[in-house]
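Quick notes on the structure that follows.
The values are calculated or read from the model by the stated rules, or taken from the named source; none is laboratory data. Since this is a predicted model, take the numbers as computed values, not measurements. Cβ atoms come from the backbone with ideal geometry, glycine included; neighbour counts cover every protein chain shown. Surface accessibility is based on the protein's heavy atoms, side chains included, excluding ligands, DNA and RNA. Shrake-Rupley method; radii C 1.70, N 1.55, O 1.52, S 1.80 Å.
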Amino acid sequence: MDTDHRAPAARFATLTTAHVADACLRAGVAVRCAPAALRPVLPGRRLAGPVRPARHAGSVDVFLEAIDGASPGDVLVVDDGGRTDRACVGDLVVREAQAAGLAGLVVWGLHRDTGDLAAVGLPVFSLGAVPTGPLELDPRPAGALDAARVGSWTVDPGDLVLADDDGVLFVPADRADELADLAGSIRDTESRQADRIRAGETLRTQLGFDGYLSARAADPTLTFRAHLRAVGGAIEE
C-alpha cells in the first residue's frame, strides 16, 4: 500500500462525511456512500484512513493476513457479502486490529461480541449484530486481499474510507487533498451561516430567498442552485 495515503486521511479529522459528500458533488467525484444500514457499533466514533480490504469466506485467517500486511492508520474493510445470517467479526479480530494500530473496521456484514467491542473502543461500523459466527467454510476467493465490495461499491487500497454517525463514505486517495479543501470551505461557510441564524438572521434572509421566489415567478426555469451560485450560497450548490 502507498503509505503516503495516511497523510491525506488525517486532513479529514475535522470534517464530516456530509461535508465530504458535498465536496464530491462539487468536484465531480462519484459519491460512494455505503448503504444506510451500515452503522457504528458505538455512536460518536469517527473514522478516516486508507482501505485495507479483506474478503471473508468463513475463516478468520484472511483478517489476520490483512492486518499483518497493514500499516498503522489503515482501516480494515471486511466484505462478507452483506450477509445477515452470521457474524464475521468479533472481539478478537477487533483487538488484533487495535494492537496493530489500525484506525478501525468497516464490515459489510455482521459483528458479534458487542459488549467486548464497546470495551475495546475501536471504531467499528457494521450491519448489526448476531450471536452466531461463520456457519460454513467456503473456498477462499481469488484476490481476497486486493479489493472489497461494500454495497454496490468496490474499494481497494487506492481509496480512503471515512465514517461517522451519518454513515460510511469512500473517496479516491489521489483526490483527497482537493476534496478536503472543498469540504473545509463548505464546513466553514455552513458554520458562518449557523452563527448568523443563532444571531437572529434567518437562512432565508442570508440566501435572498424572497428575491429568488420573485425571480422564479418571472422566470420559471430559474433553479435554486443557479440563484445560489449568483449570491454565493453554499446550500444545494
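Could you please let me know if Asp116 is of a type in the set (Asp, Glu), open to solvent by 40 Å² or more (accessible area, probe 1.4 Å), in a helix (DSSP H, G or I) and modelled with pLDDT of 95 or more? Taking the combined requirement at face value, the residue satisfies it. Beta carbons closer than 9 Å, at least 6 apart along the sequence or on distinct chains, pair a first residue in the range 11-31 that is closer than 21 Å to Arg45 by Cα and among the polar types (S, T, N, Q) with a second that is open to solvent by less than 30 Å² (accessible area, probe 1.4 Å) and outside any helix (DSSP H, G or I) for Thr16/Leu162; Thr16/Asp164; Thr17/Leu162; Thr17/Ala163; Thr17/Asp164; Thr17/Gly167; Thr17/Val168; Thr17/Leu169.
When Ala142 is tested against (1) open to solvent by 30 Å² or more (accessible area, probe 1.4 Å); (2) under 13 Å from Arg83 (Cα atoms); (3) without any contact (Cβ under 8 Å) to a residue 60 or more places away in the chain, exactly one condition is not met: (2). Restricting attention to the range 4-44, the residues being out of contact with any strand residue (DSSP E or B) (no Cβ under 7 Å at 6 or more places or on another chain) and under 18 Å from Ser126 (Cβ atoms) number 5.
Hey, any hits in the range 45-54 for a residue that's modelled with pLDDT under 95 and in contact with a Ser or Thr (Cβ under 8 Å, 6 or more places away or on another chain)? Checking the range 45-54: not a single residue is modelled with pLDDT under 95 and in contact with a Ser or Thr (Cβ under 8 Å, 6 or more places away or on another chain). Residues in the range 188-201 that are modelled with pLDDT of 95 or more and in contact with a Leu (Cβ under 7 Å, 6 or more places away or on another chain): how many? Residues in the range 188-201 being modelled with pLDDT of 95 or more and in contact with a Leu (Cβ under 7 Å, 6 or more places away or on another chain): 1 in total. In the range 75-116, which residues are hydrophobic (A, V, I, L, M, F, W, C) and in contact with an Asp or Glu (Cβ under 6 Å, 6 or more places away or on another chain)? The answer is Cys88, Leu102, Trp108.
Working carefully through the options Thr202, Thr154, Thr189, find the one that is of a type in the set (Val, Ile, Thr) and within 22 Å of Ala13 (Cβ to Cβ).
Thr189
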